[in-house]
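Notes follow once the structure below has been shown.
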Amino acid sequence: MKDEDKKLLTEYLGECWHDCENDEECSKCKKTLRGYYFGTHRTFTTRADMMDLYDRLFQKHKWHKFTVFAKMRFSFNDYDQTFTNIETGFYAWIFCLNGDGYEDKCQMVAEWIKEGK
């Protein structure tokens, strides 16, 4: 995922994308980072990141619109045949119940946000 998308998602969550010119203090939020700047940005590769984005979509009353967007990207190839219906398969896919694909779903949120702008 590009830093541009990570920044977009970070700010969508209401967090600061730290900008530290002197490697001491963020020029935006003034948080003192003291050499810890590198690695302080979210990676958007974990379940926690994905769920924070989904929670934010829900808080902003955008969950339904996002799932409509996501269903256009869901294909029968993604459908786990162990589920008895396609709707259950979709939710297993969107929540990465197999433990794989967190970054892809975070990227999908970034694409949805950019499409809405």
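The values are calculated or read from the model by the stated rules, or taken from the named source; none is laboratory data. Everything numeric here is computed off the predicted structure, so don't read it as measured data. Neighbour counts are summed over all protein chains in view; Cβ atoms, including those assigned to glycine, are modelled from backbone coordinates with ideal geometry.
Structure notes:
- Segment 100-117 residues that are within 13 Å of LYS6 (Cα to Cα), paired with ones that are of a type in the set (D, E, K, R) (beta carbon under 7 Å, 6 or more apart): CYS106/ASP49; GLN107/ASP5; MET108/ARG73; ALA110/ASP5
- Here ASP49 clears all of (1) surrounded by 15 or more Cβ atoms within 10 Å (Cβ to Cβ); (2) modelled with pLDDT under 90 except the condition numbered (2).
- Matching residues, segment 88-100, being touching an Asp or Glu at 6+ places or on another chain (Cβ under 9 Å) and not in a helix (DSSP H, G or I): CYS96, LEU97, ASN98
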